[in-house]
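A.B. asks: Can you read through this structure? Questions will come right after.
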Amino acid sequence: MKLVEEIAGFAPEIAILRRKIHSHPELCYQEHRTAELVATKLADWGIEVYRGLGGTGVVGTIRGTIGAGSSTRSIGLRADMDALPMTEHNGFEHRSSAPGRMHACGHDGHVAMLLAAARHLAANRNFDGVVHLIFQPAEEGGAGARQMIEDGLFKQFPCDAVFGVHNWPGLAVGEFALAPGPVMASSNEFEIVITGKGGHAAAPHLAVDPVLVACQLVMALQTVVTRNKKPIESAVLSVTQIHTGETSNVIPDTAAVSGTVRTFSVEALDVIEQRMGEIVAGLPPVFGASASFHFHRNYPPTINHERESLFAREVLTEMVGEAAVHVCEPTMGAEDFSYMLLERPGSYVLIGNGDGAHRANGHGEGPCTLHNPNYDFNDDLIPLGASFWVRLVEKFLAPAA
């Protein structure tokens, strides 16, 4: 394993920063304290700092000194900063100090890895071109990547390619995973409101029961995935909520059905949304009811570009060996780095977070998995992730032969 020795030396200092961020989690578009810490450290290391993109976003720019020093080649490295609205169950010293907020997805660690890389890159500048360090707000449902782009991210900070890294519990420390093509799904929400006619539960023939219609509708919607989508394409249509009624002896007027749809392609998503709309329009009237249908597209699928993924794999193979670089299996989770990959070529890489044995005394009894109240980022990843960022930059921006 070829780590950058300088980074390995100061990694414990960065781990202290990581734990400070963990203990003060901030939700999407509220990352003021985290952004201030990031901006201050970048400035201390002599890095050009720009603030305010996407509200609380921070961008640091480092210019290499190899070659003529006038190269316009550039690369973007992204880390997300926001926490989740959930209560932490860990009891160790750096646990969340904010009830109902927690870094349960490792964004504190993503910030730490990029800060460690920034410190080394700024001190050495052993590359020919420009590095843009993108500290992004609001990944957890706030589409902070899209907001930064709309605020001019890639116009103000041109990037020939952009890369992101996410920790992955269950994958061993020292191992990575990536692949060209889809790696995460699109995230979409729907809500259906069925309107019937309320009445006494003992006289159902005088009412139009929206609960019955909701049950029929839930089953009918499952045929979209099994009978309308191509069998070779993966997709999920999950009804997760049905809200209706107030008491046991009254048939309500309305019933609300909602859930999520996940796909790896926009084409599959188009088919599913269209068929859902047709079913919602056609089925309730059979029972004398009516229904409204609202479908909201959140994040598009995260699709890695082939050339950049193969390039990142080459860098990782040189660093940790071929056996430690796996082909990642796509997941139905979603990630707003997808917006950046729609604008620029790039790749999204997974770094192993281990099985949870790293957690300090006082951790919760549950598993160390993402979005779990017992989760904690593994600080052993800081020199690994930062070394990858540095190796990636130096190879991507190597001086022309």
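The values are calculated or read from the model by the stated rules, or taken from the named source; none is laboratory data. The structure displayed is predicted, hence computed values, not measured ones. Note: ideal-geometry Cβ built from the backbone for every residue, glycine included; neighbour counts use all protein chains shown.
To keep it simple, each residue is scored yes or no on (1) aliphatic (A, V, I, L, M); (2) not in a strand (DSSP E or B).
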{"residue": "K41", "(1), (2)": "no, yes"}
{"residue": "I62", "(1), (2)": "yes, no"}
{"residue": "D82", "(1), (2)": "no, yes"}
{"residue": "M86", "(1), (2)": "yes, yes"}
{"residue": "H94", "(1), (2)": "no, yes"}
{"residue": "L114", "(1), (2)": "yes, yes"}
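A.B. asks: Against the definition (at pLDDT 95 or above, small (G, A, S), in a helix (DSSP H, G or I) and closer than 18 Å to P137 by Cα), how does A8 come out, yes or no?
C.D. replies: Details: at pLDDT 95 or above: yes; small (G, A, S): yes; in a helix (DSSP H, G or I): yes; closer than 18 Å to P137 by Cα: no.
For A8, the condition - at pLDDT 95 or above, small (G, A, S), in a helix (DSSP H, G or I) and closer than 18 Å to P137 by Cα - is not met.
A.B. asks: Something else: Check H371, H294, H358, H363 and return the single one that is assigned by TED's automatic domain parsing to the domain that holds G259 and either in a loop (DSSP other than H, G, I, E, B) or touching a Phe, Trp or Tyr at 6+ places or on another chain (Cβ under 7 Å) (or both).
C.D. replies: Matching residue, one of H371, H294, H358, H363: H294.
A.B. asks: Residue check: is S387 in contact (Cβ under 8 Å) with a residue 12 or more places away in the chain, surrounded by 15 or more Cβ atoms within 10 Å (Cβ to Cβ) and closer than 30 Å to M86 by Cα?
C.D. replies: no
A.B. asks: Would you tally the residues in the stretch 1-47 being in contact (Cβ under 8 Å) with a residue 40 or more places away in the chain and among the small types (G, A, S)?
C.D. replies: Residues flagged as in contact (Cβ under 8 Å) with a residue 40 or more places away in the chain and among the small types (G, A, S) within the stretch 1-47 amount to 6.
A.B. asks: Taking only pairs six or more apart or across chains, which ones have beta-carbon atoms under 7 Å, a first residue in the stretch 220-240 that is assigned by TED's automatic domain parsing to the domain that holds R262, and a second residue that is surrounded by fewer than 17 Cβ atoms within 10 Å (Cβ to Cβ) and not in a loop (DSSP other than H, G, I, E, B)?
C.D. replies: Taking only residues 6 or more apart or on different chains, the pairs are L237/Q222; V239/V218; T240/S258.
A.B. asks: Looking at the stretch 97-113 only, could you name the residues that are surrounded by fewer than 22 Cβ atoms within 10 Å (Cβ to Cβ) and touching a helix residue (DSSP H, G or I) at 6+ places or on another chain (Cβ under 9 Å)?
C.D. replies: Across the stretch 97-113, the qualifying residues are S97, A98.
A.B. asks: Can you tell me which residues in the stretch 374-401 are hydrophobic (A, V, I, L, M, F, W, C), in contact with a strand residue (DSSP E or B) (Cβ under 7 Å, 6 or more places away or on another chain) and not in a helix (DSSP H, G or I)?
C.D. replies: F377, L397 - these are the residues of the stretch 374-401 that are hydrophobic (A, V, I, L, M, F, W, C), in contact with a strand residue (DSSP E or B) (Cβ under 7 Å, 6 or more places away or on another chain) and not in a helix (DSSP H, G or I).
A.B. asks: Right, next: Would you please list the contacts, defined by Cβ atoms under 7 Å and residues six or more apart or on different chains, that run from a residue in the stretch 197-208 that is closer than 9 Å to I251 by Cβ to a residue that is of a type outside the set (K, R) and part of a helix (DSSP H, G or I)?
C.D. replies: Final answer for the pair search is G199/L206; V208/F287.
A.B. asks: I'd like to verify a number: residues in the stretch 25-39 that are of a type in the set (D, E) and assigned to a helix (DSSP H, G or I), how many?
C.D. replies: 1
A.B. asks: Assess whether V280 counts as being touching a residue at least 60 places away in the same chain (Cβ under 8 Å) and part of a helix (DSSP H, G or I).
C.D. replies: In short, yes.
A.B. asks: Are any residues in the stretch 221-275 part of a helix (DSSP H, G or I) and either touching an Asp or Glu at 6+ places or on another chain (Cβ under 9 Å) or hydrophobic (A, V, I, L, M, F, W, C) (or both), and if so, which ones?
C.D. replies: Those that are part of a helix (DSSP H, G or I) and either touching an Asp or Glu at 6+ places or on another chain (Cβ under 9 Å) or hydrophobic (A, V, I, L, M, F, W, C) (or both): L221, V224, V225, V266, E267, A268, L269, V271, I272.
A.B. asks: Taking the stretch 135-168 on its own, how many of its residues are under 16 Å from Y29 (Cβ atoms) and buried (at least 23 other Cβ atoms within 10 Å of the Cβ)?
C.D. replies: Here the count works out to 9.
A.B. asks: Now for a separate question. Within the stretch 222-243, count every residue that is crowded, with 18+ Cβ neighbours inside 10 Å and touching a helix residue (DSSP H, G or I) at 6+ places or on another chain (Cβ under 6 Å).
C.D. replies: Residues in the stretch 222-243 being crowded, with 18+ Cβ neighbours inside 10 Å and touching a helix residue (DSSP H, G or I) at 6+ places or on another chain (Cβ under 6 Å): 5 in total.
A.B. asks: Return the pairs, sorted by first residue and then second, in which the second residue is at pLDDT below 95 and not in a loop (DSSP other than H, G, I, E, B), the first residue lies in the stretch 325-352 and is outside the structural domain of L178 (by TED's automatic domain parsing), the beta carbons are less than 9 Å apart, and the residues are 6+ apart or on different chains.
C.D. replies: Short answer, once both residue conditions are applied: none.
A.B. asks: Which ones in the stretch 248-307 are loosely packed, with under 15 Cβ neighbours inside 10 Å and farther than 27 Å from P330 by Cβ?
C.D. replies: Result: S248, N249, V250, E278, A281, G282, P285, V286, G288, S292, H294.
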